[in-house]
Amino acid sequence: MKLDITPEVLTMRLICTAAAAVLFSAPAFAQQPSAAAGVFEKRCYSCHNIGGGDKKGPDLKGVTTRQSTEWLREFIKAPAAVNRKGDSVATGLFKKFAPEVMPDQDLADEQIDAIIGMIDGLTKKNEAFVPAGAKLNRPIAPGDVEAGYQLFTGRAALSGGGSACISCHNVSGSGRLGGGTLGPDLSAVNVRYKDPELISILQNPNFPTMKSIFGTRPLNDEEIVKLFAYFQNAKLVAPIAPAPAASAAVRIEPWFVALGFAALLMSLALMNRAWKGRLRGVREELVRRNQ
Ligand code: HEC
Ligand code: HEC
């Protein structure tokens, strides 16, 4: 059964969307690339925005007006130690962002001060941090979704020798229901993150578990394009599949059934974001009913 092949229609939609986004070209307002911006993009941006909302960690916009420079220096170097001391700001943050814990940052004082300066500058100008390097190195092409799927599931090996994503992550419709559960379900990851945020995570995944693998075995540019296309596609399949009146529904093909099921799971996943903790039960129920 060829459940895995993405229909051409979807691929075309994907290409159009991606072309419209012009991800691979320079941003409209080019930010002066400073050393601090480079370090921030590589080391902090997978967890933090400066303007643009919380990610795994809090949005850092305005943090220099809330905390002293001394506090920031100490916290950035060793957040857990500051928390252990019983510092009230740190304990509040740790509670709010649990189970995420910011890893200690092994940076020189000058680097930390430069980052603090950059955060302060952006806050005062009321501007958001724009990552200079978080772009695809070429447009998405036909076949990238399928190639991304192959990489995700480990059917094709990653050039750097990193573990297949599916050993820790699930994506609905990735061919079986049970991808790994050590990492979060990635079915809606392209809804959760803006494009540069997701691209940057693929370039520099600073989450401790992923960093331990991909820190020394990074994904190459081609792999990033393909995986990005795969996640983008996972987002696009949802709105069109469930409509029973769609003409495609007349031809009952295995991929369409799979697609519908994937979309169903995806909407459940989205609902689950609204009502945390229910997906598991619902999915088990679905599996039982389908047996
Ligand atoms: C793996 C994710 C992650 C990475 C990487 C990371 N942080 Fe954090 N950061 C967090 C979390 C989560 C918190 C909230 C405290 C906690 O739970 O550890 C936080 C808190 C902070 C705070 C306090 C914010 C406030 O509102 O007071 C600052 C400042 C900060 N981080 C700066 C940085 C800088 C600078 C870097 C890069 C050098 C960085 N972080 C890298 C996850 C991360
Ligand atoms: C060894 C297990 C492991 C492997 C292999 C792995 N990841 Fe992860 N990944 C994680 C964990 C754990 C997290 C959650 C990090 C956190 O919450 O701090 C994560 C988080 C992510 C996120 C952010 C998700 C979110 O909801 O915030 C993305 C995107 C991601 N991984 C993509 C990938 C891709 C693409 C691959 C394959 C190239 C991959 N991961 C391979 C463990 C893994």
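Starting from the stretch 93-112, keep only residues that are within 20 Å of Phe207 (Cβ to Cβ), then list their pairs with residues that are assigned to a loop (DSSP other than H, G, I, E, B) and among the small types (Gly, Ala, Ser) whose Cβ atoms are within a distance under 7 Å, requiring at least 6 positions of separation or different chains. Sorted first by the residue in the stretch 93-112, then by its partner, the pairs are Phe97/Gly57; Glu100/Gly57; Met102/Gly57; Asp104/Ala78.
On the stretch given as the stretch 208-228, residues that are over 26 Å from Asp104 (Cα atoms) and of a type outside the set (Asp, Glu) total 6.
Scanning for something within 10 Å of ligand 1 (Cβ to nearest atom), part of a helix (DSSP H, G or I) and either surrounded by 14 or more Cβ atoms within 10 Å (Cβ to Cβ) or modelled with pLDDT of 95 or more (or both), does the stretch 48-64 turn up at least one residue? Checked the stretch 48-64: at least one residue is within 10 Å of ligand 1 (Cβ to nearest atom), part of a helix (DSSP H, G or I) and either surrounded by 14 or more Cβ atoms within 10 Å (Cβ to Cβ) or modelled with pLDDT of 95 or more (or both). Scanning the stretch 224-231 turns up no residue that is away from ligand 1 (no atom under 16 Å from the Cβ) and surrounded by fewer than 16 Cβ atoms within 10 Å (Cβ to Cβ). In the stretch 160-172, the residues that are surrounded by fewer than 20 Cβ atoms within 10 Å (Cβ to Cβ) reach residues that are assigned to a loop (DSSP other than H, G, I, E, B) and small (Gly, Ala, Ser) with C-beta atoms within less than 6 angstrom, at least six apart or across chains, in these pairs: Ala164/Gly154; Ser167/Gly180; Cys168/Gly180; Cys168/Gly183. With a requirement of 2 or more residues that are more than 13 Å from ligand 2 (Cβ to nearest atom) and at pLDDT below 95, the helices (runs of 4 or more DSSP H) lying completely within the stretch 151-252 that satisfy it span 221-240. Considered as a group, the residues in the stretch 65-80 that are away from ligand 2 (no atom under 16 Å from the Cβ) and aliphatic (A, V, I, L, M) include one that is surrounded by the fewest Cβ atoms within 10 Å (Cβ to Cβ), and that residue is Ala78. Summed over the stretch 103-141, residues that are closer than 18 Å to Gly52 by Cβ and either assigned to a loop (DSSP other than H, G, I, E, B) or of a type in the set (A, V, I, L, M) (or both) total 14. Scanning the stretch 45-58 for residues that are out of contact with any Asp or Glu (no Cβ under 9 Å at 6 or more places or on another chain) and closer than 14 Å to Ala128 by Cβ yields one hit, Asp54.
In the condition set (1) away from ligand 1 (no atom under 16 Å from the Cβ); (2) in contact (Cβ under 8 Å) with a residue 12 or more places away in the chain, Pro184 is compliant with all but (1). Across the stretch 99-119, the number of residues qualifying as crowded, with 17+ Cβ neighbours inside 10 Å and either away from ligand 2 (no atom under 16 Å from the Cβ) or not assigned by TED's automatic domain parsing to the domain that holds Ser68 (or both) comes to 8. Go through the stretch 193-218 residue by residue and tally those that are under 14 Å from the mean Cα position of the chain (by Cα), more than 17 Å from Pro103 (Cα to Cα) and surrounded by 16 or more Cβ atoms within 10 Å (Cβ to Cβ). Result for the stretch 193-218: 9.
Condition check for Gly148 on (1) under 18 Å from the mean Cα position of the chain (by Cα); (2) at positive phi; (3) not polar (S, T, N, Q): one failure, at (2). Can you confirm whether Lys96 is at pLDDT 95 or above, surrounded by fewer than 17 Cβ atoms within 10 Å (Cβ to Cβ), within 16 Å of ligand 2 (Cβ to nearest atom) and part of a helix (DSSP H, G or I)? So Lys96 passes the test.
The values are calculated or read from the model by the stated rules, or taken from the named source; none is laboratory data. Predicted model, so just to flag it, every value in this text is computed and none were measured. When we count neighbours, we look across all protein chains shown, and the Cβ atoms used for this are built from the backbone with ideal geometry, even at glycine.
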